[in-house]
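*Asks:* Could you have a look at this structure, given as structure tokens, before my questions?
The values are calculated or read from the model by the stated rules, or taken from the named source; none is laboratory data. Keep in mind that this is a model prediction, so the values were computed, not measured. When we count neighbours, we look across all protein chains shown, and the Cβ atoms used for this are built from the backbone with ideal geometry, even at glycine.
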Amino acid sequence: MRSLRTYGYLVLDFWRYLRGKDYFRQPQGLGPHFRDARCYYNDLTGKALWDGNVRDGVPVLYLPSRGKTVADPCMVLLWALGSLDRYFLEGEVGYLENAGRAASWLVDKVLPEGYWEGELGASDPSIKYYSSNSCMTQGLALSFLTRILQNGLLDPGLRLELDDLARRVAENMLQPLDQNGTVGERGEDLYLYEYARVDECVVFNGWVYGLFGLWDHARRTADLATQRHLDRSLATLKRALPLFKRSDGWSFYDTRGRLASPFYHDLHISLLEALHLLTEERAFFDQMRAFQKANSRINRARYTLNKIKDKLSDKELYASQA
């Protein structure tokens, strides 16, 4: 159970959500990539509008359970990608400056192994992890670095460092879980893990973000090893889609059977639409349509209540905007 102090922050952040002012639960529909190829695959432009605390030039979050403020690499990268998209779409130089601060932070904070230490990576202290690595963070990093490098943004000297960083990130990402990577292989199947958990629980949205990163890196570098891993993991995801769908068409958050909140159900729809448009695979379209059909007001109310119950009782680390 959470502490009374943490419950207070939960209530405050839920009030923000009800008022439509929650930074972390903004709608993320289909991304602007499909009208401007420089941009990302789902809509992260709202992520550029962080108005909370900043440290070392990047957003930071408060962890009530630990009484400290941290910079989470996944959050930094979502902010950075959203900033890039706003720069591409609006031409506002301030958003490019955000991306530059994020790029410098990534270079400064990367571990020798080629990934970033995340305070939120091991989200549940009761679960065993191989590392705090994450295919979602690594995938977002590859997508961010690809856009900087392809478009010749930022200082040329920094771009050289970012090119080397992208290579290291891709190599690390494709290592097995027990070797500080994010990959699990079972026969022909290749899974990508948002959390490097010993029980190998797969999170749907994290897997897709990892695929987007491999997609971008493979196309920029024409690296055959990256392309082979990408093809295998896309084929695995197609076969695994039934694991993420309830009998009523609502989505599961992960292979542990946790139900998606309405926010994540909407996100799953957007990610599947993007996957379908990129790959032209019918399986992604069919799963998207099933999720859309299940997205009724009754189901949204039901699964909102379910998520509130989960948040009140789970052991995951909680981070607040407060």
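*Asks:* Looking only at residues in the stretch 150-183 that are surrounded by fewer than 18 Cβ atoms within 10 Å (Cβ to Cβ), farther than 23 Å from Asp108 by Cβ and not polar (S, T, N, Q), which one is farthest from the chain's Cα centre (by Cα)?
*Replies:* Only one residue fits best here, namely Asp178.
*Asks:* Ok, one more. Output the residues belonging to the stretch 279-322 that are at pLDDT below 85 and either closer than 30 Å to Phe34 by Cα or part of a loop (DSSP other than H, G, I, E, B) (or both).
*Replies:* Across the stretch 279-322, the qualifying residues are Asp314, Lys315, Glu316, Leu317, Tyr318, Ala319, Gln321, Ala322.
*Asks:* Residue by residue through the stretch 231-255, note down the ones that are among the charged types (D, E, K, R) and part of a loop (DSSP other than H, G, I, E, B).
*Replies:* The answer is Arg246, Asp248.
*Asks:* Let me ask something else. Please verify whether Ala218 is at pLDDT 95 or above, part of a helix (DSSP H, G or I) and within 19 Å of Val203 (Cα to Cα), treating the condition exactly as stated.
*Replies:* For Ala218, the condition - at pLDDT 95 or above, part of a helix (DSSP H, G or I) and within 19 Å of Val203 (Cα to Cα) - is not met.
*Asks:* Which residues, counting only those in the stretch 238-257, are among the small types (Gly, Ala, Ser) and surrounded by fewer than 17 Cβ atoms within 10 Å (Cβ to Cβ)?
*Replies:* Ala240, Ser247, Gly257 - these are the residues of the stretch 238-257 that are among the small types (Gly, Ala, Ser) and surrounded by fewer than 17 Cβ atoms within 10 Å (Cβ to Cβ).
*Asks:* Quick one: in the stretch 264-288, of everything that is free of Cβ contacts under 8 Å to residues at least 12 places away in the same chain and closer than 13 Å to Leu241 by Cα, which residue is surrounded by the fewest Cβ atoms within 10 Å (Cβ to Cβ)?
*Replies:* Arg282
*Asks:* Take the stretch 135-145 and flag every residue that is over 18 Å from Glu161 (Cβ atoms) and either of a type in the set (Val, Ile, Thr) or touching a Pro at 6+ places or on another chain (Cβ under 8 Å) (or both).
*Replies:* Thr137 - this is the single residue of the stretch 135-145 that is over 18 Å from Glu161 (Cβ atoms) and either of a type in the set (Val, Ile, Thr) or touching a Pro at 6+ places or on another chain (Cβ under 8 Å) (or both).
*Asks:* Do you know which residues across the stretch 173-189 are of a type outside the set (Gly, Ala, Ser) and in contact with a strand residue (DSSP E or B) (Cβ under 6 Å, 6 or more places away or on another chain)?
*Replies:* Matches in the stretch 173-189: Leu174, Pro176, Leu177, Thr182, Val183.
*Asks:* Another question, if that's okay. Restricting to the stretch 198-210, give me the number of residues that are surrounded by fewer than 22 Cβ atoms within 10 Å (Cβ to Cβ) and either without any contact (Cβ under 8 Å) to a residue 40 or more places away in the chain or closer than 18 Å to Asn180 by Cα (or both).
*Replies:* So the count comes out to 4.
*Asks:* Could you tell me which numbered condition His265 fails, if it satisfies all but one of (1) in a helix (DSSP H, G or I); (2) over 24 Å from Met173 (Cα atoms); (3) in contact with a helix residue (DSSP H, G or I) (Cβ under 6 Å, 6 or more places away or on another chain)?
*Replies:* For His265, the exception is condition (3).
*Asks:* Condition test on Pro156, is it of a type outside the set (A, V, I, L, M, F, W, C) and under 22 Å from Tyr195 (Cβ atoms)?
*Replies:* So Pro156 fails the test.
*Asks:* Related question: Filter the stretch 66-104 for residues that are at pLDDT below 95 and either over 29 Å from Trp207 (Cβ atoms) or surrounded by fewer than 17 Cβ atoms within 10 Å (Cβ to Cβ) (or both) and give the result.
*Replies:* Arg66, Gly67, Lys68, Thr69
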